[in-house]
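Student: Dumping the structure here so I can ask a few things about it.
The values are calculated or read from the model by the stated rules, or taken from the named source; none is laboratory data. Here the structure is a predicted model, which is why all the values come from computation and not from measurement. Heads up, the Cβs are rebuilt from the backbone with ideal geometry, glycines too, and the neighbour counts pull from every protein chain shown.
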Amino acid sequence: MNDPAPNKLINRMEQEGADKIIIEVSTNHEDYQKMLIESIQNMKEKDILLIKAFDDLGESVVDIINIVKKLDEKDIGLQVLDNPNTYDVNDWNVQTILRKQLLFILNWVEGKERNDIRMRQAKGIERFKALKEKKGTGRPKKYSQYAKDPNDREIYYAVVDMLENNVAIKRIAETLNISRNTIYTIKEELQKHTNENSQ
């Protein structure tokens with residue numbers, strides 16, 4: 001446990017009938033988890049683990065699931081001081097049901113977190129792919145809306161404008177002094193973009 005007023009908390013635990021009180025002396029998460037697991041292993045069947053807050057069981061959902069599983073394996077009860085009980089903590093049927101329900105909920109939350117992470121990763125990959133397709137991959141194109149050189153961008157937009165006005169490709173090439181292949185490439189990209197937007 002880690003509390004700004006440890007004496008007050010110890011008094012609360014003693015009032016609840018705690019036989020053994022362990023005060024957290026390390027801020028290292030792994031040390032704390034190890035100490036907690038060892039404490040549970042030393043407890044007897046139908047003992048009750050008394051904690052201040054639910055967070056005392058671990059820093060992550062996975063940590064808490066592991067601890068509750070150990071409690072369930074050893075048939076040890078759980079009492080949380082910051083969550084007033086509306087049930088008799090010594091009623092073992094209720095303790096058993098609560099542990100099972102707690103494990104069910106925690107596993108659901110952990111599964112949802114995993115799915116949410118996968119969905120965010122998938123969306124991130126989709127956005128990255130879309131950006132790569134939009135900007136192009138490999139060697140940057142000389143004439144495009146993303147061209148670094150402002151003059152190259154102007155030529156690109158001039159090609160687009162002339163294509164939209166049905167100017168012959170030979171005439172565009174002669175007017176702008178660029179190759180026909182470059183104009184055909186820009187034309188194909190425009191047609192592809194138009195087709196994608198119409199779908």
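Residue by residue, here is whether (1) out of contact with any Cys (no Cβ under 9 Å at 6 or more places or on another chain); (2) at pLDDT below 80; (3) assigned to a helix (DSSP H, G or I); (4) hydroxyl-bearing (Ser, Thr, Tyr) holds:
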position	(1), (2), (3), (4)
Lys20	yes, yes, no, no
Ile37	yes, no, yes, no
Leu50	yes, no, no, no
Asp63	yes, no, yes, no
Asp72	yes, no, yes, no
Asn90	yes, yes, no, no
Val94	yes, no, yes, no
Val109	yes, no, yes, no
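Student: Going by the structure shown, is Ile117 exposed (fewer than 14 other Cβ atoms within 10 Å of the Cβ), aliphatic (A, V, I, L, M), closer than 24 Å to Ile48 by Cβ and without any contact (Cβ under 8 Å) to a residue 60 or more places away in the chain?
Tutor: Taking the combined requirement at face value, the residue does not satisfy it.
Student: Pull out all pairs, ordered by first then second residue, where Cβ-Cβ is under 8 Å, the residues are six or more apart or on different chains, the first lies in the range 180-191 and is surrounded by 15 or more Cβ atoms within 10 Å (Cβ to Cβ), and the second is of a type in the set (Asp, Glu) and in a helix (DSSP H, G or I).
Tutor: none
Student: When both residues are 6+ apart or on different chains and their Cβ atoms are under 8 Å apart, which pairs have a first residue that lies in the range 157-172 and is free of Cβ contacts under 8 Å to residues at least 24 places away in the same chain, and a second that is outside any helix (DSSP H, G or I)?
Tutor: Tyr157/Gln145; Ile172/Ile178
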